[in-house]
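Peer 1: Structure below; questions to follow.
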Amino acid sequence: MADSIRLRVSRYRPETDSGPHWQEYDVPLRKEWTVLDGLNHVKNEVDTTLSFRWSCRMGICGSCGMNVDGEPRLTCGTFLSDYEPGPVTIEPLANFPVVRDLVVDLSDFMKKLPRVKPWIIREDDHRTVEPDVEYLQTPGQLDAYQQFSMCINCMLCYAACPVYGLDPEFIGPAAIALAERYDLDSRDVGNRERLDVLIEHDGVWGCTFVGECTRVCPKHVDPASAIQRYKLKAAMETVKAFLLPRGAR
Amino acid sequence: MTPSGGTPTDLRLYRPRISTWWWTRKRSYFVFVMRELSSIFVAWFVAYLVLFLYAVGQDAAAYRRFLDWASSPWVTALNVVGLAFVLLHTVTWFNLTPQAMAVRVMGQKVPAFHIVAGQYTGLVVVSAFVFWLVTR
């Protein structure tokens, strides 16, 4: 194993640069060092002006997503030794506007997420329920949605999705997976409200099933599956609306 | 940022442009675009079948003319390319089916392998039936 590896980092300083350019840094190559460790070494020892987001270093917070050698990755779970002999290119997540260096603007997602109502909707008003009431679930009921509840909003799926890149109106993989997570929850009755949002042009029908969202997801959420299942639901609703009298829907 | 910490209005964001050739950048993107393209050849085979049935429904001379046209080099070449794309279409969609269908039998999730295997079994049965129908 070599002593060091070269990082080829995309830099963009909005106050002086018209677009991004490359800057190279040599960092120590250690077996246990991730790409994020390399960037932190640069920040602490070499160039304090480099900007990037990170927090937990253990694949939970979803802050440190970047494009590493063209692939959206959580940099805290991506080891430098896998890119030997280098150089490793590090760019901001694709498909998002760049604020500075490796920091992207996520406000588009922040606007989209609440549209799918990613919370438990109940018929009873929560203010009338006793605070210590528990809504119990069987292991089977938990299993129905648990996979989709693992999303950490890291945005790797948006960076991998060419549909989102080409049509930013598309509500996107993580938002739809989270809608599915609450739809499948036995305590929730919000299916109809979410379907009304996702049945629109910028909802599930924007997806052409490239499948990259699922491939890059670090938490194995499988957003592509959620979207296709939603399409089936949406199609069934349309057929029902066409065939059944109003009262029977 | 605004002094009050509200909406950032003076950010000079860099908005990357997507290249027209984005689909050549990754193998998975390329396979996806080829899969989308394959639907044109599926449509072509439908049109070919309609032309064939029309010729059969006419008379022997029309059928003969169809066979002559169908065996011309360019139609043969088109059909060979079409077959390759239709096979790609079949294999890629069969592989994707378990993601689109969450099948549960008696509360248990059916493994993806079983769904894909079921489709191939169906394909073999239908193909064998068609083969039997044509050659009997």
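Peer 1: When the chain is fully extended, how far beyond the present Cα-Cα distance does A:Arg8 get from A:Val103, taking 0.36 nm per residue of separation?
Peer 2: 32.6 nm
Peer 1: Can you tell me what share of the DSSP beta bridges in chain A is antiparallel? A percent to the nearest 5 is fine.
Peer 2: The answer is about 85 percent antiparallel.
Peer 1: Over all residues in A:95-103, what is the mean tally of Cβ atoms on other chains that come within 10 Å of each residue's Cβ?
Peer 2: Other-chain Cβ atoms within 10 Å of each residue's Cβ, averaged: 3.
Peer 1: Classify chain B: rounded, prolate or oblate, from the alpha-carbon gyration tensor (a ≥ b ≥ c, eigenvalue square roots; a/c under 1.5 rounded; otherwise prolate if a/b is larger than b/c)? Write out the running numbers ahead of the final one.
Peer 2: Working: a/c = 3.65, a/b = 1.72, b/c = 2.12.
Oblate, since a/c reaches 1.5 and b/c is not below a/b.
Peer 1: Moving on to the next point. Just order A:201-214, B:88-101 by mean Cβ neighbour count inside 10 Å, highest at the front, would you? Mind showing how you got there, number by number?
Peer 2: Details: A:201-214: 21.0, B:88-101: 16.1.
Packing order, densest peptide first, comes out as A:201-214, B:88-101.
Peer 1: Using only Cα atoms, tell me the angle between helix A:173-183 and the longest principal axis of chain A; keep it within 0 to 90° and round to the nearest 10.
Peer 2: Relative to chain A, helix A:173-183 is tipped by roughly 40 degrees.
Peer 1: Moving on. Which order results if A:Thr75, A:Thr89 are arranged by neighbouring Cβ count within 10 Å, fewest first?
Peer 2: Listing A:Thr75, A:Thr89 from fewest to most nearby Cβ atoms yields A:Thr89, A:Thr75.
Peer 1: A further question follows. Once you order the gyration tensor axes a ≥ b ≥ c over the Cα atoms, which shape class does the protein assembly as shown get: rounded for a/c under 1.5, otherwise prolate or oblate by comparing a/b with b/c?
Peer 2: oblate
Peer 1: Compute the distance in nm between two label points, each set 7 Å from the Cα along the Cα-to-Cβ direction, one at B:Trp74 and one at A:Gln137.
Peer 2: Once both label points are built, they end up 6.1 nm from each other.
Peer 1: Continuing with the same structure: To make sure I understand the rule: partners must be lysines, Cα under 23 Å from the Cα of A:Lys31, and not fewer than 8 residues away in the same chain. Which ones qualify?
Peer 2: A:Lys43
Peer 1: Still on this structure, I have one more. Got a sec to turn the phi values of segment B:69-85 into Karplus ³J(HN,Hα) couplings, 6.51 cos²θ - 1.76 cosθ + 1.60 with θ = phi - 60°, whole Hz, x for Gly and Pro?
Peer 2: Computed from phi, the couplings for segment B:69-85 are 5, 5, 8, 5, x, 5, 5, 4, 4, 4, 5, 5, 4, x, 4, 4, 5 Hz.
Peer 1: List the lysines whose alpha-carbon lies under 21 Å from that of A:Lys233, not counting same-chain residues fewer than 8 positions away?
Peer 2: Here the lysines satisfying the reach criterion relative to A:Lys233 are A:Lys112, A:Lys117, B:Lys109.
Peer 1: A further question on this structure: Do the sum for the protein assembly as shown: with -39,500 (n - 2.57) for every DSSP H run of n ≥ 4, divided by all residues, what is the mean residue ellipticity at 222 nm, to the nearest 500 deg cm²/dmol?
Peer 2: Value at 222 nm, helices only: -14000 deg cm²/dmol.
Peer 1: Given R₀ = 35 Å, what would the calculated FRET efficiency be for A:Arg187 paired with B:Ser28, taking r from the Cβ atoms and rounding to 0.05?
Peer 2: Calculated value: 0.45.
Peer 1: Given H placed on each backbone N at 1.01 Å, which residues far from A:Leu29 in sequence or on other chains put an amide H within less than 5 Å of it?
Peer 2: Distant-sequence amide H within range of A:Leu29: A:Ser4, A:Ile5.
Peer 1: Report the Cα centroid-to-centroid distance between segment A:50-119 and segment B:39-114 in angstrom, as an integer.
Peer 2: Each part's Cα centre sits 41 Å from the other's.
Peer 1: Just tell me which lysines come within less than 27 Å, Cα to Cα, of B:Lys26; anything on the same chain fewer than 8 places away is out.
Peer 2: Within the straight-line limit of under 27 Å, B:Lys26 reaches these lysines: A:Lys219, A:Lys231.
The numbers here are math on the coordinates, done by the rules we state, and not lab data. Computed from a prediction, not measured in an experiment: that's the story for all the values here. Cβ coordinates were reconstructed from backbone atoms using ideal geometry, including for glycine residues, and neighbour counts include every protein chain displayed.
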